[in-house]
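Once you've had a glance at the structure underneath, I'll fire off some questions.
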Amino acid sequence: MMRLPAIMGAAVAVLMLSACASFPTTEKQVAASEPQAPQLDIQSWQTDQGAKVMFVQSDALPMLDIRLVMAAGSSQDDGLPGVASLTSALIGQGAEALSVDDIARGFEDRGASFSSSSYRDMGIISLRTLSAAEYRQPVVALFNQVIGSPSFPEEALDRLRTRAMQGLRMEQQVPGPQVSKAFMSTVFADHPYGQPSEGTMESLPKIQRQQLVDFYNTYYAAGNTVIAMVGDLSRSEAEEIAAQISAALPAGPAAPELPRAEALSERKREHIHFPSAQTHILLGNQATWRGNPDHVALHVGNQILGGGGFASILTDEVRQKRGYVYGIGSGFSAMAAGGPFQVQFKTANENADEALTLTLDLIDTFVEDGPSQAQLEQARANILGSFALSTADNSDIIGQLGAIGFYGLPLDYLQWFNRQVRQVTVEDIRDAFRRTLDVDDLAIVSIGPEAPQVLEDQDNENGGEKDADSGE
Amino acid sequence: MRQLMVALAAILWSLTARAELPTHAFTLDNGLKVLIREDHRAPVVTVMVWFKAGSIDEAPYETGLAHVLEHMMFKGTERLGPGDFSKLVARYGGSDNAFTSYDYTAYFQQYEASRLPLALELEAERLGNLKIDDDEFYRELQVVLEERRTRTDDNPNALAWEKFQAVARPGTGYAHPIIGWRSLLAQLQPEQARSWYDRFYVPGNATLVVAGDVTRDQVEPLVRRFFSDLPAGTTPPRPIQTVNPAAGERRLDLAMAVQVPALYMLYNVPSLVTAEQKQDFYALTMLAGVLDGGMSARIETDLVRGEKLVAGAGAGYSGIQRGDGTFTLTATPNPGVTLEQVEQALREQIKTLQTTLPSEDEMARVRAGVLASQVFEKDSVMGQAMELGMLSTLGLDIELAEQFEEQLGKVTAEDVQRVARQWLIPERLAVAHVVPAQEEEQ
């Protein structure tokens, strides 16, 4: 009963389309018009110190975004979680003779905003300023000082360490962050991706100023940096700014690549006991990486399975048809040296067993049978049709530039991706999913009053209060 | 510094003028207000429909109804089955969602620009022909109860905030949570949703916003084709809800399943809608900027970095509301610091504003931030549609943003001191201390 054979899925899709033939009346017209897919005119070059520059000129608004992306994420923490995160947090807290107050006023007097953040692969430094020279020049000069000569004051380290530890305590109050960390450590074990990016109550007190200085000198080096810029600048102005940034950063090469993470070859289960009203459940495994030849097939397939919001199988079955969850989704997050496939949802404790069993079943069916042709066409139309939205504003574009530059993708990557999406077949998707995922190996990581159970056979279950729902 | 700022402001004037984007407004015979913002940078369009109906319009026994109706707007019409709406949007590359607030409920679709006709036809269909099926209603109510568990029931700070609001905004529709009190939410009936829809979802109570790579000539005929035939209906009355006269000082001690204590303070102050003197809105906006307009403002400089009392703190003025506004201070103390100490320090900050004029540098910095953000905000088409829809729904001038700079420029240090003395007073203040409950379950 819980299985959703592909044939039935196709029948549903066809019924829906025929029902829509009369309404909406505009559908035919819209379907006939090919969505525009504007080309990003990306200019790229290397600085003398080896930084890769990615630039898109856009004079529609008098503003400039600069984003530095370094291989300076927590995957470089080297056994002491939190070093990358604190290094990032201390950029902007002091530089040469400038105090944190000077820096804050220097940006804010001119309406500019500066921020730094760090993730598993990346350390990111962002600046947004008005592009008129009167603003841009002093702001960029300050930016170069801040990123090029950070002073890592002990006072700031203590203060931000305390803040980070208060943050960790607050995470213990709610279920979500705890189960997310448990998922990464269960799936990635001893690989650097398994370590918590923001550090732990044990690791944070051990971190010394000198470790931040060393981390900065190694990983914030020009040769380890992508400089992305979008805004109202000429090419020669962009070249000048990139050269200044690159010269301000420490000299040094790109960081060596991490070893590729390995997938679990049998199911691991992890449960955290917590007195919550909902049980949060994460299912997944190491599944992909940047450069995976199956990337497009997995992406399109995931759109159908659980990445496409209300149009996806998981939302339709688990939320729309049964009301078990507010949100459910799946995704492949490709990073440099690995990337999990992950399905996540939360449900009232009394529904946890049914929702878990159903979700595993839906994944299993999808991996075994693949999508129907109708499902593929729907997903393809969605992805190609939404392309214009992914590069619509400067914020979108700077994000794309950062990723394309950081992962060494070709400058026409977005066009290449669209061509691949047009070509991918149901067989490609099915084969890629079969190669990549085995439902029996998916880790099940959860938090709640009780560990959820996978029900052996739905029909034999005495579901009690849930009978009313499953009768639909 | 002051001289520099004046010069920079003059340059900015010309910059924002260059970035100006045409806006068109008209109203259909049935009362539907239509706003169009042309922004031709990228081939995308955002379509939003805003309704003058939010959780403040709910009677005390039906809390959560505005939000449940929002969910039902995706569950079928006379010509669309449950879920078809979002499936059609996805098929044509769009994304759609909706949000319910205290003051309004709004729906949006975002697409590549050629999808405009579909977006408008779909919105007209659910404005005119929603069908609320009993079974679908009860199933969706389960989804909303899950949403409440996620957002509130499993988050002790969110639970504390909900209890605090009940005390901080007495006698108004803002005192109950948008998602509804749990027990009342669970008792909602399909009949209530139908009557809510009939009452509030009429053209005269709505604003349609279309923003992006479109022209009025493209949009207007489509709007007329799909929306003109919808019957006008009756626009429901909406009283303005204020906390006037002042409610008196209120204190709340909450023992919750938290590990880190928290402090909440809220003053009932005028909004742009309720202020007798509109200048108070701009002065309170400047005051909030002086306290917490960035890393260089007083809270970060004095409390986070100077005295190191708090791991985090914030101050904010919510002055764009249909009822009275709020001036809110929140803080998370550092280990070893008590909530009493933090409260004292924040009260000192307020007292300083009442007794000492803010410096010209501080005032200029707040203005610079506002001026720049006006340029930055134009980067997002969705953001522009949001601004237009919200202002129109609150009955405010849709060109407000353009006057914002000029009005803020008129605010003097004396004005900031005056509003601090007039509005940030104990009779208008509610305070909550949130502390860890006795360890029992941990």
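The values are calculated or read from the model by the stated rules, or taken from the named source; none is laboratory data. As the structure is a computational prediction, the values presented were derived from the model and not from experiment. Because the Cβ atoms are built from the backbone with ideal geometry, glycine has one as well, and the counts that use them run over all protein chains shown.
Out of everything in the range A:47-60 that is within 21 Å of residue A:131 (Cα to Cα) and buried (at least 21 other Cβ atoms within 10 Å of the Cβ), what residue ends up being nearest to the chain's Cα centre (by Cα)? Before the answer, list the steps.
In the first step, residues of the range A:47-60 are kept if they are within 21 Å of residue A:131 (Cα to Cα); the result is A:53-60.
This time we only want the ones that are buried (at least 21 other Cβ atoms within 10 Å of the Cβ), so: A:53-56, A:58.
On the way: A:53: 22, A:54: 20, A:55: 22, A:56: 23, A:58: 26 Å.
Checking each candidate, the answer is A:54.
Here are some residues: B:285, B:332. Which one is part of a helix (DSSP H, G or I), touching a Gly at 6+ places or on another chain (Cβ under 7 Å) and surrounded by 21 or more Cβ atoms within 10 Å (Cβ to Cβ)? I'd like the intermediate steps shown before the answer.
Values: B:332 fails: part of a helix (DSSP H, G or I).
The match here is B:285.
What is the one condition in (1) within 9 Å of chain B (Cβ to nearest Cβ); (2) in contact (Cβ under 8 Å) with a residue 12 or more places away in the chain; (3) buried (at least 21 other Cβ atoms within 10 Å of the Cβ); (4) closer than 22 Å to residue B:87 by Cβ that residue A:346 does not satisfy?
Answer for residue A:346: the failing condition is (4).
Which is modelled with pLDDT of 95 or more and surrounded by fewer than 22 Cβ atoms within 10 Å (Cβ to Cβ), of A:44, A:85?
Numbers: A:85 fails: surrounded by fewer than 22 Cβ atoms within 10 Å (Cβ to Cβ).
From the options A:44, A:85, the qualifying one is A:44.
What is the one condition in (1) in a loop (DSSP other than H, G, I, E, B); (2) modelled with pLDDT under 95 that residue A:261 does not satisfy?
With respect to (1) in a loop (DSSP other than H, G, I, E, B); (2) modelled with pLDDT under 95, residue A:261 is out only on (2).
Residue by residue through the range A:328-353, note down the ones that are in contact with a Phe, Trp or Tyr (Cβ under 7 Å, 6 or more places away or on another chain) and either more than 20 Å from residue A:186 (Cα to Cα) or among the β-branched types (Val, Ile, Thr) (or both).
Matches in the range A:328-353: A:328, A:347, A:351.
(1) outside any loop (DSSP other than H, G, I, E, B); (2) surrounded by fewer than 22 Cβ atoms within 10 Å (Cβ to Cβ); (3) among the polar types (S, T, N, Q): which one isn't true of residue B:268, the others all being true?
Exception for residue B:268: condition (2).
Mind counting the residues in the range A:23-41 that are buried (at least 20 other Cβ atoms within 10 Å of the Cβ) and not in a loop (DSSP other than H, G, I, E, B)?
2
Which of the residues that make up the range A:123-134 are more than 14 Å from residue A:92 (Cβ to Cβ) and surrounded by fewer than 24 Cβ atoms within 10 Å (Cβ to Cβ)?
A:131, A:132, A:133, A:134
Filter the range B:126-141 for residues that are in a helix (DSSP H, G or I) and either basic (Lys, Arg) or crowded, with 20+ Cβ neighbours inside 10 Å (or both); which is nearest to the other protein chains (Cβ to nearest Cβ)?
B:139
Regarding the range A:138-147, can at least one residue be identified that is part of a strand (DSSP E or B) and either at the interface with chain B (Cβ under 7 Å from one of its Cβ atoms) or within 21 Å of residue A:250 (Cβ to Cβ) (or both)?
In the first step, residues of the range A:138-147 are kept if they are part of a strand (DSSP E or B); the result is none.
No, every residue in the range A:138-147 fails to be part of a strand (DSSP E or B) and either at the interface with chain B (Cβ under 7 Å from one of its Cβ atoms) or within 21 Å of residue A:250 (Cβ to Cβ) (or both).
Moving to a separate point now. Residue A:187: aliphatic (A, V, I, L, M), more than 10 Å from every other protein chain (Cβ to nearest Cβ), over 30 Å from residue A:243 (Cβ atoms) and in contact with a Leu (Cβ under 9 Å, 6 or more places away or on another chain), yes or no? Lay out the reasoning, then the answer.
Numbers: aliphatic (A, V, I, L, M): yes; more than 10 Å from every other protein chain (Cβ to nearest Cβ): yes; over 30 Å from residue A:243 (Cβ atoms): yes; in contact with a Leu (Cβ under 9 Å, 6 or more places away or on another chain): yes.
The answer is yes for residue A:187.
Can you tell me which of B:49, B:144 is of a type in the set (Val, Ile, Thr), assigned to a strand (DSSP E or B) and in contact with a Phe, Trp or Tyr (Cβ under 9 Å, 6 or more places away or on another chain)? Outline the logic, then answer.
On the way: B:144 fails: assigned to a strand (DSSP E or B).
Exactly one residue qualifies, and that residue is B:49.
Pull up the range A:299-311, narrow it to residues that are without any contact (Cβ under 8 Å) to a residue 40 or more places away in the chain, within 13 Å of residue B:95 (Cα to Cα) and out of contact with any Phe, Trp or Tyr (no Cβ under 8 Å at 6 or more places or on another chain), then point me to the one that is surrounded by the fewest Cβ atoms within 10 Å (Cβ to Cβ).
Of everything passing the filter in the range A:299-311, A:309 is surrounded by the fewest Cβ atoms within 10 Å (Cβ to Cβ).
Among (1) under 18 Å from residue A:315 (Cβ atoms); (2) at the interface with another protein chain (Cβ under 9 Å from one of its Cβ atoms), where does residue B:120 come up short?
Tallying (1) under 18 Å from residue A:315 (Cβ atoms); (2) at the interface with another protein chain (Cβ under 9 Å from one of its Cβ atoms), residue B:120 fails exactly one: (1).
Still on this structure: Is there any pair linking a residue in the range A:96-124 that is within 14 Å of another protein chain (Cβ to nearest Cβ) to one that is assigned to a strand (DSSP E or B), with Cβ under 6 Å and at least six apart or on different chains, and which?
From the range A:96-124, the pairs are A:100/A:94; A:107/A:114; A:112/A:129; A:113/A:128; A:114/A:127; A:115/A:126; A:116/A:125.
Where in the range A:155-257 are there helices (runs of 4 or more DSSP H), lying fully within it, with 2 or more residues that are under 30 Å from residue A:44 (Cβ atoms) and assigned by TED's automatic domain parsing to the domain that holds residue A:65? First the steps, then the outcome.
On the way: elements: A:175-188, A:209-219, A:235-248.
So the answer is A:209-219, A:235-248.
I've got another one for you. State all residues of the range A:264-283 that are assigned to a strand (DSSP E or B), more than 14 Å from every other protein chain (Cβ to nearest Cβ) and in contact with a helix residue (DSSP H, G or I) (Cβ under 6 Å, 6 or more places away or on another chain); if no residue qualifies, say none. Break it down into steps so the answer makes sense when it comes.
Filtering the range A:264-283 down to residues assigned to a strand (DSSP E or B) leaves A:269-273, A:278-283.
Right, trim to more than 14 Å from every other protein chain (Cβ to nearest Cβ) and you get A:269-271, A:282-283.
Hits for the range A:264-283 are A:270, A:282.
Run down A:98, A:80, A:68 and say which single residue is surrounded by 21 or more Cβ atoms within 10 Å (Cβ to Cβ) and at pLDDT 95 or above. Don't jump to the end; show me each part of the working.
Details: A:98 fails: surrounded by 21 or more Cβ atoms within 10 Å (Cβ to Cβ); A:80 fails: surrounded by 21 or more Cβ atoms within 10 Å (Cβ to Cβ).
That would be A:68, the only listed residue that is surrounded by 21 or more Cβ atoms within 10 Å (Cβ to Cβ) and at pLDDT 95 or above.
In the range B:373-382, how many residues are without any contact (Cβ under 8 Å) to a residue 40 or more places away in the chain, buried (at least 16 other Cβ atoms within 10 Å of the Cβ) and part of a helix (DSSP H, G or I)?
1
A follow-up question, please. Take the range A:388-447 and flag every residue that is in a loop (DSSP other than H, G, I, E, B), crowded, with 17+ Cβ neighbours inside 10 Å and aliphatic (A, V, I, L, M).
Once the filter is applied, which keeps residues that are in a loop (DSSP other than H, G, I, E, B), crowded, with 17+ Cβ neighbours inside 10 Å and aliphatic (A, V, I, L, M), the range A:388-447 yields A:392, A:424, A:437, A:442.
Quick one: how many residues across the range B:96-110 are part of a strand (DSSP E or B) and more than 7 Å from every other protein chain (Cβ to nearest Cβ)?
Restricting attention to the range B:96-110, the residues satisfying the condition of being part of a strand (DSSP E or B) are B:96-100, B:105-110.
Subset that is more than 7 Å from every other protein chain (Cβ to nearest Cβ): B:96-100, B:105-109.
Number satisfying all stated conditions: 10.
Criterion first (within 13 Å of chain A (Cβ to nearest Cβ), in contact with a strand residue (DSSP E or B) (Cβ under 8 Å, 6 or more places away or on another chain), of a type in the set (A, V, I, L, M) and within 30 Å of residue B:174 (Cβ to Cβ)) does residue B:113 satisfy it?
Details: within 13 Å of chain A (Cβ to nearest Cβ): yes; in contact with a strand residue (DSSP E or B) (Cβ under 8 Å, 6 or more places away or on another chain): yes; of a type in the set (A, V, I, L, M): yes; within 30 Å of residue B:174 (Cβ to Cβ): no.
Taking the combined requirement at face value, the residue does not satisfy it.
Is there a residue being modelled with pLDDT of 95 or more, away from chain B (no Cβ under 14 Å) and more than 24 Å from the chain's Cα centre (by Cα) anywhere in the range A:376-394?
No: the range A:376-394 contains no residue that is modelled with pLDDT of 95 or more, away from chain B (no Cβ under 14 Å) and more than 24 Å from the chain's Cα centre (by Cα).
Among helices (runs of 4 or more DSSP H) lying entirely in the range B:158-246, which contain 1 or more residues that are surrounded by 19 or more Cβ atoms within 10 Å (Cβ to Cβ), among the small types (Gly, Ala, Ser) and over 20 Å from the mean Cα position of the chain (by Cα)?
Values: elements: B:182-186, B:190-200, B:216-227.
Those helices (runs of 4 or more DSSP H) span B:190-200.
Here is a follow-up. Which numbered condition trips up residue B:93, out of (1) assigned to a loop (DSSP other than H, G, I, E, B); (2) on the phi < 0 side of the Ramachandran plot; (3) not acidic (Asp, Glu)?
With (1) assigned to a loop (DSSP other than H, G, I, E, B); (2) on the phi < 0 side of the Ramachandran plot; (3) not acidic (Asp, Glu) applied to residue B:93, the lone miss is (2).
May I pose another question? Scan the range A:293-337 for residues that are in a strand (DSSP E or B) and of a type in the set (A, V, I, L, M, F, W, C) and jot them down. Write out each step before concluding.
Keep residues of the range A:293-337 that are in a strand (DSSP E or B), which gives A:325-332, A:335.
Residues satisfying the conditions are A:325, A:328, A:332, A:335.
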